[in-house]
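Visitor: Quick one: the structure is below, questions incoming.
No value in this document is a laboratory result; all are computed from the given coordinates. All figures in this text were calculated on a predicted structure; none of them were measured in a lab. Glycine also receives a Cβ, built like all others from the backbone with ideal geometry; neighbour counts cover every protein chain displayed.
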Amino acid sequence: MTFRILDAVADAMAHLKTSDVAGATSTLRDTLMGGGVPAQRATIGYPFNAPMARRLADVLKVLKARRGEFPSLMPRPTPKSRADDPHFTSRTLNSAWGTMNYKLYVPEHRAREPALVLMLHGCTQDPDDFARGTRMNRLADEFGLIVAYPHQPRSANAQGCWNWFDRRHQSAGSGEPAMLAALAQTVSVEFGIAPERVFAAGLSAGAAMADVLAEAYPEVFSRVGLHSGMPHLAAHDVMSAFAAMKGGGKAGRRGAAGRASRKIIIHGTADSTVHPSNSDEIFERMRARVGASSIILTNDKTAGRKVTRQVLIGPMGEALAEHLLIEGGGHAWSGGDGGGSYADPVGPDASREIVEFFLRDFDTRSQERSTEAIGSSP
């Protein structure tokens, strides 16, 4: 009983931080009346709150009356965050398109030829939470990477989502894509990172924005990782964003053309927030760009889950895109740390898959050849 109530209080406090009084009330009421704490909070997309039958004040009275069943109303301490690491610091970028706060992880031992990964969190998340859930800083230590975590404030979007569905944020030279490109260029200049070694990855709305970057700024981001995301131009407002997330927005999508970054696409078959057909669409768009191409299809089993992997091979033998479909995977970062939100500890390890795709067979000449091979749609 003790830990169930403490978990409920922790979950309720998280709701209150986002002014979700109804959600906090529901969590405490259900636990005190014999229910359980939900395994995952509301969807990472655009949650709606149903009205509760009892007011928060009433539930807190019951909680106070039953305080003898547990030693403290304080939630259990969470594991120490990498945010306390002196290598993980808070920064601010001032650009022509606005101001953006971000966190930067610089490992103690950088690679001789360093690379930069821009990590775009999902809705309701923040840089610390996303770093914890993806474990990307551990891979930064292993591979000598520099990792930047931009922060989308609630002032820009009520749920902290990147505005991938807004026309003002879907092309080069304006809005969030311009700020993110400026951030990547600023950090890469500071640390002497070659343009072809600048990458971006994201989850959900962060993945959708990463695909915007792939299409709008292929000269800035050579490769991107898209976990449970939506394709570029899948929506033009909030309503069409809902349709796209559920897999019903294809009719309004324009055919892709021109240059684009290489892409690794990861999605779970049991994702009820963003339909897996969105990832299929991203992969098909990449295939439509390349005239002479082939696909290598494999079926593996990782951590007890079936993983269907498709690799799009270009005319020079290079991997232009990779698509991993995880059987039973939900709307969460695969192989992540359960201490972060929307992170699934069960594999495969999405972070490692993404980093290895970014760094695989990498040299400047092959990158230039693969970029030239991606032409207009037939």
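Visitor: Report, in debye and to the nearest 20, how large the dipole of segment 116-229 comes out about its Cα centre when Lys and Arg carry +1 and Asp and Glu carry -1 on their Cβ.
Guide: It works out to roughly 140 debye.
Visitor: Ratio to report: Rg/Rh of segment 100-191, with Cα atoms as the point set and Rh obtained by the Kirkwood method; give two decimals.
Guide: 0.99
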